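Undergrad: Got a structure for you, written out below as structure tokens; questions coming shortly.
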Amino acid sequence: MEEVRLQKYLATAGIASRRKCEEYILDGLVKVNGKVVFELGTKINPEKDTITFKDKEVKNRDNKHVYILLNKPIGYVTTAKDQFGRDTVLDLVKINKRIVPVRKT
């Protein structure tokens, strides 16, 4: 496997968005091979390096994507979390994978 940026690896593993992962790196919550990393853009080799977040090892999930085409019912919003507590499309789909809702524009 080729080298990837640390924040991208963390985001792909489902830790958080890339931007939030950058904050975690700057806050000193991420270690590579036991050493705290503060530099954004640090490249890692997922097959050789050990990455930890808050002292828990991060394992990247498989890179196979699953696409779901959904006719959204009325009353649901296309977002992962809604600040107003409305039902989201993620309430309709129950699979054990990271889901990123997108909307056709």
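Undergrad: If I go through the stretch 7-53 residue by residue, how many of them are in contact with a helix residue (DSSP H, G or I) (Cβ under 8 Å, 6 or more places away or on another chain), aliphatic (A, V, I, L, M) and either in a strand (DSSP E or B) or under 25 Å from K81 (Cα atoms) (or both)?
TA: Adding up the residues that qualify gives 9.
Undergrad: Taking the stretch 68-83 only, how many residues are under 23 Å from the mean Cα position of the chain (by Cα) and exposed (fewer than 10 other Cβ atoms within 10 Å of the Cβ)?
TA: Final tally of qualifying residues: 3.
Undergrad: When you check E57 against the structure, is it of a type in the set (D, E, K, R), within 16 Å of the chain's Cα centre (by Cα) and at pLDDT 90 or above, yes or no? Please lay out each step first, then the result.
TA: Details: of a type in the set (D, E, K, R): yes; within 16 Å of the chain's Cα centre (by Cα): yes; at pLDDT 90 or above: yes.
Criteria met by E57.
Undergrad: Just the residues that are of a type outside the set (A, V, I, L, M, F, W, C) and either assigned by TED's automatic domain parsing to the domain that holds A16 or in a loop (DSSP other than H, G, I, E, B) (or both), please, taken from the stretch 78-93.
TA: Selection gives T78, T79, K81, D82, Q83, G85, R86, D87.
Undergrad: For the stretch 34-51, give me each residue that is surrounded by fewer than 17 Cβ atoms within 10 Å (Cβ to Cβ) and either of a type outside the set (S, T, N, Q) or modelled with pLDDT of 95 or more (or both).
TA: Matches in the stretch 34-51: G34, K35, V36, F38, E39, L40, G41, K43, E47, K48, D49.
Undergrad: Please tell me if V37 is farther than 19 Å from K97 by Cβ, in contact with an Asp or Glu (Cβ under 6 Å, 6 or more places away or on another chain) and not charged (D, E, K, R).
TA: Taking the combined requirement at face value, the residue does not satisfy it.
Undergrad: Related question: When you look at R98, is it surrounded by 10 or more Cβ atoms within 10 Å (Cβ to Cβ), without any contact (Cβ under 8 Å) to a residue 40 or more places away in the chain and charged (D, E, K, R), yes or no?
TA: In short, no.
Undergrad: Of the residues that sit in the stretch 7-31 and are touching a strand residue (DSSP E or B) at 6+ places or on another chain (Cβ under 6 Å) and among the β-branched types (V, I, T), which one is surrounded by the most Cβ atoms within 10 Å (Cβ to Cβ)?
TA: Result: V30.
The values are calculated or read from the model by the stated rules, or taken from the named source; none is laboratory data. Keep in mind the model is a prediction, meaning the values are calculated, not measured. Neighbour counts are summed over all protein chains in view; Cβ atoms, including those assigned to glycine, are modelled from backbone coordinates with ideal geometry.
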